[in-house]
Amino acid sequence: MTKTYRNTKRAALLAGAALLGVHMAISALSQAPLSPAKLKYGNAVNEYLDPYFAQNWMLFAPTPLSENRGILARAKCTNGTVSAFYDVSAKGLEKARNSRFFPSREIRLISGNLQQISSSDEILRRLREKRMNDKKPQIPLLPQEKVSEKEAIKNLTRYAFDQIPTACDGKVAKIQVRMWLHELPPWSKRNDESAEGKTKATDFAWIKPKDLR
């Protein structure tokens, strides 16, 4: 084993360890409580982690996932007509379900950004819930939350636009995404076949294709 080979191997190991350390530090910052560092670097952290490295702990206590989410999209044509809504989430879900051993992660492009829209710091979330229960004015979104939400909506719209290439025969002036949320029936009604959860929908602003670049 030559000296050059040993030096190259050592350098490669050090570089790999450094990259791994940076990745772990970024992941830790994404899960850390609200702080000046998180406010300053939160947007850059989200851009790096989403969609493949996003951390999602909603499966565990204290707040297990209790709803289904997805997006629809429609296009406004250059001639002024508006298309019907397309089920954008369905294609990604189908890809994920068709392979049990190596499922597609494309659906994470949707779920990761939807989580980014609705997630917030744990303390802020509790404060907002308390103020809502007390019927007091709600705490407005922080600057970092506004930036994160805007970027997530743009990512969802860009993805949706790529999924409906035949809309308006390709002559699309604007595109709009609708986020839907279906709240599952409570556990107490698990044996009630007629129980149905509530469905909520939020329409985001129309965006021109050129603004998605």
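Checked against (1) in a helix (DSSP H, G or I); (2) on the phi > 0 side of the Ramachandran plot; (3) not acidic (Asp, Glu), Lys135 passes all but a single condition, namely (1). In the set (1) of a type in the set (D, E, K, R); (2) modelled with pLDDT of 80 or more; (3) touching a Pro at 6+ places or on another chain (Cβ under 9 Å), Lys76 fails one condition alone, (3). If I ask for residues that are part of a helix (DSSP H, G or I), modelled with pLDDT under 80 and open to solvent by less than 100 Å² (accessible area, probe 1.4 Å), which ones from region 1-37 would you list? If the condition is that a residue be part of a helix (DSSP H, G or I), modelled with pLDDT under 80 and open to solvent by less than 100 Å² (accessible area, probe 1.4 Å), then Gln31 is the only one that fits.
Confirm whether Pro165 is out of contact with any helix residue (DSSP H, G or I) (no Cβ under 6 Å at 6 or more places or on another chain) and farther than 27 Å from Lys150 by Cβ. Judged against the criteria, Pro165 is not a match. Residues that are assigned to a strand (DSSP E or B), under 13 Å from Arg74 (Cβ atoms) and open to solvent by less than 60 Å² (accessible area, probe 1.4 Å) occur at least once in region 199-211.
Of the set (1) under 21 Å from Gly42 (Cβ atoms); (2) under 12 Å from the mean Cα position of the chain (by Cα); (3) surrounded by 16 or more Cβ atoms within 10 Å (Cβ to Cβ), all apply to Tyr159 but (1).
Taken together, Phe102, Phe85 contain a single residue that is of a type outside the set (Asp, Glu), modelled with pLDDT of 80 or more and open to solvent by 80 Å² or more (accessible area, probe 1.4 Å), which is Phe102.
Please work out if Leu181 is assigned to a strand (DSSP E or B), open to solvent by less than 70 Å² (accessible area, probe 1.4 Å), of a type outside the set (S, T, N, Q) and touching a residue at least 12 places away in the same chain (Cβ under 8 Å). Yes: the conditions hold for Leu181.
For region 45-61, does any single residue satisfy the condition of being among the polar types (S, T, N, Q), assigned to a helix (DSSP H, G or I), modelled with pLDDT under 85 and closer than 26 Å to Pro209 by Cβ? Yes, region 45-61 contains a residue that is among the polar types (S, T, N, Q), assigned to a helix (DSSP H, G or I), modelled with pLDDT under 85 and closer than 26 Å to Pro209 by Cβ.
Across region 105-145, the number of residues qualifying as farther than 30 Å from Tyr159 by Cα and open to solvent by 60 Å² or more (accessible area, probe 1.4 Å) comes to 13. Annotation note: of Ile123, Ile175, the sole residue that is in contact with a Pro (Cβ under 8 Å, 6 or more places away or on another chain) and under 22 Å from Ala28 (Cβ atoms) is Ile123.
Yes/no per residue for (1) farther than 24 Å from Ala84 by Cβ; (2) in contact (Cβ under 8 Å) with a residue 40 or more places away in the chain:
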position: Leu142; (1), (2): yes, yes
position: Lys146; (1), (2): yes, no
position: Ala173; (1), (2): no, yes
position: Asp203; (1), (2): no, no
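Within region 108-122, being part of a loop (DSSP other than H, G, I, E, B) and in contact (Cβ under 8 Å) with a residue 24 or more places away in the chain holds for Ser120, Asp121. Checked against the criterion of being among the basic types (Lys, Arg), without any contact (Cβ under 8 Å) to a residue 60 or more places away in the chain and in a loop (DSSP other than H, G, I, E, B), the candidates Arg105, Arg125 yield just one match: Arg105.
The values are calculated or read from the model by the stated rules, or taken from the named source; none is laboratory data. Just so you know, these numbers come straight off a predicted model, no measurement behind them. Using ideal geometry, Cβ is built from the backbone for each residue, glycine included, and neighbour counts are taken over all protein chains shown. We work out accessible area using only protein heavy atoms, side chains counted, and drop any ligands, DNA or RNA first. Shrake-Rupley method; radii C 1.70, N 1.55, O 1.52, S 1.80 Å.
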